[in-house]
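Participant: Got a structure here, written out as structure tokens. Questions coming.
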Amino acid sequence: MSDFSRPAIRSLADNGGEWRIYRGSSMFRVFTPGDLLQVEKLVAAQAEIGDVIGFDTPRGTVAVHRLIGRSPSGKLRTMGDNNPGPDAEAIPPDAAIIRVVAVRGTDGEIRPVTRGAAGLAEFRRNRRRRWWGAELPRYMAGICRRLWYFKRTLRTPVRFGGEEIFYAGEIPVARRGANGRLSWSSPWYRVIYRIGR
């Protein structure tokens with residue numbers, strides 16, 4: 001019996017067709033936290049590349065990721081559309097999994113989840129969007145660090161309790177927590193602004 005044949009996914013698979021609450025960010029742009037997912041039980045060998053499946057992780061939690069490939073031995077390779085890389089563990093071909101067939105958004109609208117070739121095309125679009133939204137700003141920030149004199153310096157923070165918030169006009173750009181850690185409102189702001197002393 002593999003690590004993926006845990007009771008959590010077995011109970012979901014036995015109650016196929018039920019609605020389950022989604023939590024997490026690995027499938028951002030496909031699901032948002034609080035969405036209800038309609039699932040159906042499935043044997044791993046029946047899943048198509050591009051399907052969104054749920055499976056038990058070695059940590060004992062249920063992950064909902066997209067099936068992106070199959071090894072010659074039949075093991076399934078998965079990856080969240082918003083994750084930086086594929087999952088480390090492959091799913092054995094005899095594992096019990098669930099397939100997500102529909103999602104009810106927080107607005108109450110029910111829509112089908114793309115599967116197969118259409119699901120794989122959606123995965124590729126989401127990967128490009130992730131690159132433009134997260135990876136490109138990091139790359140540009142590295143370039144702009146060398147060209148620091150082009151950045152606008154933010155010097156005067158607004159203090160709330162133990163936090164400092166830096167504004168550019170009326171736009172909150174960055175926040176420094178009580179622990180001294182700086183977090184940016186958008187990855188692009190790291191490219192344009194710097195925090196002065």
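The values are calculated or read from the model by the stated rules, or taken from the named source; none is laboratory data. Note that the coordinates shown come from a computational prediction; the quantities given were computed from them, not determined experimentally. Cβ coordinates were reconstructed from backbone atoms using ideal geometry, including for glycine residues, and neighbour counts include every protein chain displayed.
Participant: Give segment 89-112 a look and list any residue that's closer than 14 Å to Glu48 by Cα and surrounded by fewer than 19 Cβ atoms within 10 Å (Cβ to Cβ), or say none.
Facilitator: Pro93, Val101
Participant: Follow-up question, since we're still on this one. What pairs come out if I take residues in segment 39-67 that are surrounded by 17 or more Cβ atoms within 10 Å (Cβ to Cβ) and pair them with residues that are of a type in the set (Ser, Thr, Tyr) whose C-beta lies under 6 Å away, six or more apart or interchain?
Facilitator: Ala63/Thr57; His65/Thr78; Leu67/Thr78
Participant: If you don't mind, another one. Is it the case that segment 153-161 has a residue that's loosely packed, with under 11 Cβ neighbours inside 10 Å and touching a residue at least 60 places away in the same chain (Cβ under 8 Å)?
Facilitator: No, segment 153-161 has no match at all.
Participant: Checking the conditions here, which among Ala134, Ala178, Ala168, Ala117 is within 30 Å of Glu48 (Cβ to Cβ) and outside the structural domain of Met79 (by TED's automatic domain parsing)?
Facilitator: Step by step, each of Ala134, Ala178, Ala168, Ala117 is checked, and only Ala134 is within 30 Å of Glu48 (Cβ to Cβ) and outside the structural domain of Met79 (by TED's automatic domain parsing).
Participant: Out of segment 158-197, which residues are aromatic (Phe, Trp, Tyr), over 24 Å from the mean Cα position of the chain (by Cα) and closer than 18 Å to Leu136 by Cβ?
Facilitator: Result: Tyr193, single match.
Participant: Somewhere in segment 116-127, is a residue within 20 Å of the chain's Cα centre (by Cα), surrounded by fewer than 16 Cβ atoms within 10 Å (Cβ to Cβ) and among the acidic types (Asp, Glu)?
Facilitator: no
Participant: Could we say that Val191 is surrounded by 14 or more Cβ atoms within 10 Å (Cβ to Cβ), touching a residue at least 24 places away in the same chain (Cβ under 8 Å) and assigned by TED's automatic domain parsing to the domain that holds Asp81 here?
Facilitator: no
Participant: Scanning for something farther than 23 Å from Arg20 by Cα and touching a residue at least 60 places away in the same chain (Cβ under 8 Å), does segment 78-93 turn up at least one residue?
Facilitator: Scanning segment 78-93, I find at least one residue that is farther than 23 Å from Arg20 by Cα and touching a residue at least 60 places away in the same chain (Cβ under 8 Å), so the answer is yes.
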